[in-house]
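Novice: Starting off with a structure, shown below.
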Amino acid sequence: VKVFHSVETGRLRAGAEGGYGGHHMSNTSNRKLGGVPGQANGPETDWIHLRRLELRGVLGVYPEERHRARPIWLDIALACDTRRAGESDQLADTLNYELIEEAAIAVAKKGKFRLIESLAAGVANACLAHAGVQAVRVTVDKPGALAHTRSVAVEIVRRN
């Protein structure tokens, strides 16, 4: 029996080898869960999340978007080994979330990005510069980008 991560519920679940709930999990599904090259995919990877970081920045290709800051939402997930911090309960043994947040905000405010893909790449690179970050998943939401859609978003994964 292997343990699998349910994308729908976010929970770990036991299942038959090679499958989840009777469905075969492809290599693409495993990679989507965030495995780091050289390590097992799935629940063995620890993730620290910074959820719904709300900021304002210049983002867009149209002239009316280039003149004023707009709301931008970021979700950042950092793959790292949290075992030492879990055992010691010491800040020095984990990532400093404040520094990650500050770096992401600095990237968004410094650049006047045309594409959400470029902003996501800049934030990912800033996160990967921190020691201990093995991989990062960045989602950039641009609320109000389309008339009939709450937001447009891009999600990227980058690895060290």
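Any read-out appearing in this document is the output of simple, stated calculations on the displayed coordinates, not a laboratory observation. The model shown is predicted, which means the values in this text are computed figures rather than measured ones. We place every Cβ from the backbone using ideal geometry, glycine too, and count neighbours over all the protein chains shown.
Novice: Only sites in a loop by DSSP and with at most 15 other Cβ atoms within 10 Å count here; which trypsin sites (Lys or Arg not before Pro) in the stretch 96-133 make the cut?
Specialist: Answer by residue number: Lys112, Arg114.
Novice: Another question about this same structure. Using Cα-only point scatterers and the Debye equation, what is log10 of I(q)/I(0) for the stretch 80-124 at each q in 0.27, 0.30 Å⁻¹, rounded to two decimals?
Specialist: -0.88, -0.99
Novice: Regarding the stretch 43-123, what's the average projected area of the Cα-atom convex hull, expressed in nm²?
Specialist: If I average the Cα hull's projected area over directions, I get 6.0 nm².
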